[in-house]
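Throughout, read-outs are computed from the coordinates displayed, never taken from laboratory work. Since this is a predicted model, take the numbers as computed values, not measurements. FYI the Cβ positions are ideal-geometry reconstructions off the backbone, even for glycines, and counts take in every protein chain you see.
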Amino acid sequence: MSSTTRTLIRGGLVITASDETHADVLVEGGRVVALAAHGSSTADGWTADTTIEASGKYVIPGGVDAHTHMEMPFGGTFAADSFESGTRAAAWGGTTTIVDFAIQSPGHSLREGLDAWHAKADGKCAIDYAFHMILSDVNPKTLREMDRLVGEGITSFKLFMAYPGVFYSDDGQILRAMQQASGNGGMIMMHAENGIAIDVLVEQALAGGRTDPRVHGEVRKALLESEATHRAIQLARVAGAPLYVVHVSAQEALAEIVSARDKGLPVFGETCPQYLFLSTDNLAEPDFEGAKYVCSTPLRPKEHQAALWRGLRTNDLQVVSTDHCPFCFSGQKELGRGDFSKIPNGLPGVENRMDLLHQAVVDGHISRRRWIEIACATPARMFGLYGQKGTIAPGADADIVVYDPAAEQVVSAATHHMAVDYSAYEGRRITGRVETVLSRGEVIVDQGEFKGRAGHGAYLARSISQYLN
Ligand code: URP
Ligand code: ZN
Ligand code: ZN
């Protein structure tokens with residue numbers, strides 16, 4: 001289908017972050033051009049080359065996953081999804097935009113890192129994509145480059161208080177990067193864990209013969225997440241910069257965010273499906289199976305989940321992204337047999353997020369509109385894509401999902417499309433399923449058939465966050 005054709009999505013319930021409307025949606029030239037009450041579109045003489053019947057279905061904006069790591073070099077290996085396989089899997093799961101992380105290698109410029117990520121993604125993606133930039137080497141040149149990148153649409157920068165010797169920045173480097181961001185409109189994204197203290201505990205655990213995957217969760221203590229979150233917030237205050245804390249898993253860390261937000265500070269929080277649906281019980285699975293669940297921040301005891309759901313309801317957490325960073329069990333997670341610290345950190349999930357969050361609607365954790373808000377609209381607003389992405393409104397890109405809220409499915413590696421040999425949600429029953437996916441007006445998934453192509457996805461230069469004023 002060419003993007004100049006007219007497509008009518010008829011009879012569905014259109015759900016955005018703000019409204020639920022029984023409406024038909026007219027798409028032309030890759031964009032939404034109009035919405036009309038059911039029945040009135042034909043009465044108004046709307047004609048279309050293609051009509052998608054959506055009676056009894058939800059018509060929702062394509063998901064915006066603001067945290068993925070395709071082909072990420074990490075833990076002595078590479079994340080198993082390429083931009084091609086990972087964006088195809090995202091499309092299957094109803095996500096039509098990803099924001100991936102380009103990486104600056106120590107001793108290299110931001111530009112070199114960004115060019116390398118463009119080379120990986122260019123011509124490969126099935127859906128639209130953008131980049132954040134990981135700063136691994138904050139120095140005067142890096143700081144100057146940040147300004148240029150913001151001007152080019154890379155408007156967010158991730159810093160790590162964890163992983164000494166890899167991505168780690170010390171407090172002075174963090175403060176300088178925050179000061180730079182406060183002047184140029186960039187959003188600082190923080191991996192908030194005290195990596196220096198964690199490394200001491202890792203060394204002590206291994207010396208004591210504690211080598212199993214579950215120890216990964218024990219040494220990466222909730223207190224060390226909350227301490228780092230607190231410190232990041234204070235540094236951001238000193239710099240006068242906004243702060244977005246990624247992959248919040250501990251209720252104590254969330255409490256720091258709540259306290260900052262109660263003071264009116266521009267502090268934002270993201271959590272991920274793994275922290276909402278999985279727990280340390282998974283990390284403790286026998287026969288090294290727990291390695292499948294090793295990620296950082298780590299999974300927490302089940303009790304933390306209620307606090308995260310509450311945070312999502314009260315808007316103390318604003319975004320659910322996946323932190324999709326898949327490593328196969330065979331040959332990759334296995335690198336850490338006998339030493340949990342060598343298990344590559346990361347979980348697959350880019351295909352599962354929209355469904356898992358719909359299940360949260362079914363289970364009563366969040367409303368339908370909140371589902372769209374945390375998975376589509378707010379990530380788009382937070383990272384300068386809103387209007388084009390994250391909603392269904394005249395002028396927006398026609399990134400649209402027809403979602404069947406009554407379909408039943410069972411999540412499994414046997415049927416998923418991510419290039420990874422296990423599912424973190426194996427056997428989980430989900431009510432709801434993606435039926436049709438449009439990306440800029442083109443049908444890329446249609447009733448169980450992939451109709452997209454590598455190279456359809458376009459690079460998106462982003463504006464500054466709508467959360468900065
Ligand atoms: O375990 C994780 N989260 N892996 C990806 C890298 C990161 O810290 O986000
Ligand atoms: Zn991280
Ligand atoms: Zn990540």
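Backbone phi angles across the stretch 306-313, fed through the Karplus curve with coefficients 6.51, -1.76 and 1.60 (θ = phi - 60°), yield HN-Hα couplings of 4, 5, 5, 4, 4, x, 5, 5 Hz in residue order; Gly and Pro are listed as x.
When both the stretch 271-333 and the stretch 121-139 are represented by their alpha-carbon centers, they are found 23 Å apart. Taking label positions 7 Å along the Cα-Cβ direction at both Phe78 and Glu426, the computed distance is 2.6 nm, reported to one decimal. Scalar couplings 3J(HN,Hα) for the stretch 282-297, obtained by applying the Karplus form with A = 6.51, B = -1.76, C = 1.60 to θ = phi - 60°, are 5, 4, 8, 4, x, 6, 6, 4, x, 4, 4, 10, 7, 8, 9, 4 Hz; x denotes Gly and Pro.
Computed on the stretch 62-387, with alpha-carbon pairs under 8 angstrom and 6+ residues apart, the relative contact order is 19 percent. Per-residue 3J(HN,Hα) values for the stretch 364-377, derived from phi via the Karplus relation 6.51 cos²θ - 1.76 cosθ + 1.60 with θ = phi - 60°, read x, 6, 9, 8, 4, 5, 5, 3, 5, 5, 7, 9, 10, 6 Hz in sequence order (x marks Gly and Pro).
Since only Ile60, Phe78, Ala90 are under comparison, the one whose Cα sits farthest along the positive direction of the charge dipole of the stretch 1-91, derived from C-beta charges on Lys, Arg, Asp and Glu, is Ile60. Restricting attention to the chain, close to 50% of DSSP beta bridges with both partner residues there are antiparallel. Full extension of the chain between Asp281 and Asp446 yields a length gain of 55.7 nm, computed as 0.36 nm times the residue separation minus the alpha carbon distance. Once the Cβ-Cβ distance of Asp115 and Arg453 is raised to the sixth power relative to R0 = 25 Å, the FRET efficiency obtained is 0.55. Counting lysine pairs in the chain that sit 8 or more residues apart in sequence, or on different chains, and whose Cα atoms lie under 17 Å apart gives 6.
Label-to-label distance, Leu265 versus Arg313, with points set 7 angstrom from Cα along the beta-carbon direction: 2.6 nm. For Tyr58, Tyr467, the sequence from fewest to most other C-beta atoms within 10 Å is Tyr467, Tyr58. Each Lys and Arg contributes +1 and each Asp and Glu -1, all at the Cβ; summed about the Cα centre of the chain, the dipole is approximately 700 debye. Label-to-label distance for Asp171 and Phe329 is 4.3 nm, based on points extended 7 Å past Cα in the beta-carbon direction. In terms of packing, defined here as the mean over residues of other Cβ atoms within 10 angstrom, the peptides 376-383, 60-67 line up highest first as 60-67, 376-383. The amide H of Ser136, built 1.01 Å from its N in the peptide plane, has Gln104 as neighbours under 5 Å, considering only residues 5 or more places off or on other chains. For Cys295, the residues whose amide H sits under 5 Å from its own are Gly346, ignoring neighbours fewer than 5 places away on the same chain, with H placed 1.01 Å from N.
Of the peptides 142-149, 105-112, 434-441, the order by per-residue mean of other Cβ atoms within 10 Å, starting with the highest, comes out as 434-441, 142-149, 105-112. Contact order normalised by length for the stretch 329-469, with contacts defined as Cα pairs under 8 Å and 6 or more residues apart; what percent is it? Value for the stretch 329-469: 23 percent. Take the Kirkwood radius over Cα pairs of the chain, plug it into Stokes-Einstein at 20 °C and 1.002 mPa s, and you get 97 µm²/s for translational diffusion. For Ala130, nonlocal amide neighbours, meaning residues 5 or more places apart or on other chains whose placed amide H falls under 5 Å from its own, are Ile98, Val99, Asp100, Leu460.
Along the charge dipole of the chain, Cβ charges K/R +1 and D/E -1, which of Val150, Gly349, Ala121 sits furthest on the positive end? Value computed over the given set: Val150.
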